[in-house]
Amino acid sequence: MDEVGTRFEAWLNDDPVNKRPHPDLRSLIYYYGMKSKGTEAYWKQMFEIFKTETDASEKSKLQSGLAAIQDQVILSQYIEIASANETYVRKQDYFTLLSSISGNRIGEPLVWDYVRANWPYLVERFGLNERNLGRMIPTVTSKFAKQIRLQEMKDFFRAYPEAGAGANARTQALENIENNIKWLANNKNSVGDFLQSLNL
């Protein structure tokens, strides 16, 4: 991680537009560099590069890297930017971005709160029969393992019973959280003992 962070800083402090990291390493450097060394200044600098990038593959790598920053305020702003302006994040890339942010430990609750608070807007923008909208729920909630999260999901589904193409995904999401809760209850002590044996 230290090596990736060093390469990330060296890239941004040199000529980041014209001197990119090696193609085989770009995804790693963008993502883990931002995760380990990301500051507001670095994020803004990388976002400016992302905004003007014309190559779709490179833009996707930069988009994912921006989602790795360990700052909830910036991640919240990133979600708002993506929602408000298709110039920066294309409609077809929107759900990929939300998935990337939810894959970030500190971004997961932000995306969950955002989806619940903005569900009518998302339905209006994409339609209930958009498969990626339906898949968003199990993607965002895949690591949930607390009863309060399960209740939040049930309350959300009760408030918005129309599921469209996401009906099966909702069932899958509920089952997944229930299984996570059961697994944690059954294995919490043994996992704790194992970690303690490693002196972590």
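Quick notes on this structure:
- Average accessible surface for the chain: 56 Å² per residue, computed with a 1.4 Å probe over protein heavy atoms with every protein chain in place.
- In the chain, taking the dipole from charged Cβ atoms about the Cα centre, the farthest positive-side position among G166, L66, V123 is held by G166.
- Of all accessible heavy-atom area on the chain, the percent that carbon and sulfur account for (1.4 Å): 49 percent
- Cα Rg, Dmax (largest Cα-Cα span) when computed across region 77-182, Å: 13.2, 43
- Over the chain, DSSP H runs of length four or greater, each weighted -39,500 (n - 2.57), average out per residue to a 222 nm ellipticity of -22500 deg cm²/dmol.
- Sites matching chymotrypsin sites (Phe, Trp or Tyr not before Pro) across region 69-145 that sit in DSSP coil, with at most 13 neighbouring C-beta atoms within 10 Å: none
- Each label was represented as a point 7 Å from its Cα along the Cα-to-Cβ direction; for S57 and D24 these points are 1.4 nm apart.
- Whole-Å semi-axes of region 42-105's equivalent ellipsoid (Cα gyration tensor): 16, 13, 11
- Dipole of the chain [Lys/Arg +1, Asp/Glu -1 at C-beta], most positive-end residue of Y42, S83, G134: G134
- Sparse-neighbourhood loop sites, trypsin sites (Lys or Arg not before Pro) in region 93-134 - DSSP loop, at most 10 other Cβ within 10 angstrom: R105
- Multiplying the residue separation of N13 and T96 by 0.36 nm and removing their Cα-Cα distance gives an extension gain of 27.0 nm.
The values are calculated or read from the model by the stated rules, or taken from the named source; none is laboratory data. Just so you know, these numbers come straight off a predicted model, no measurement behind them. Neighbour counts run over all protein chains shown; Cβ positions are idealised from the backbone, glycine included. Please note that ligands, DNA and RNA were not included when accessible areas were found on the heavy atoms of the full protein model with its side chains. Shrake-Rupley method; radii C 1.70, N 1.55, O 1.52, S 1.80 Å.
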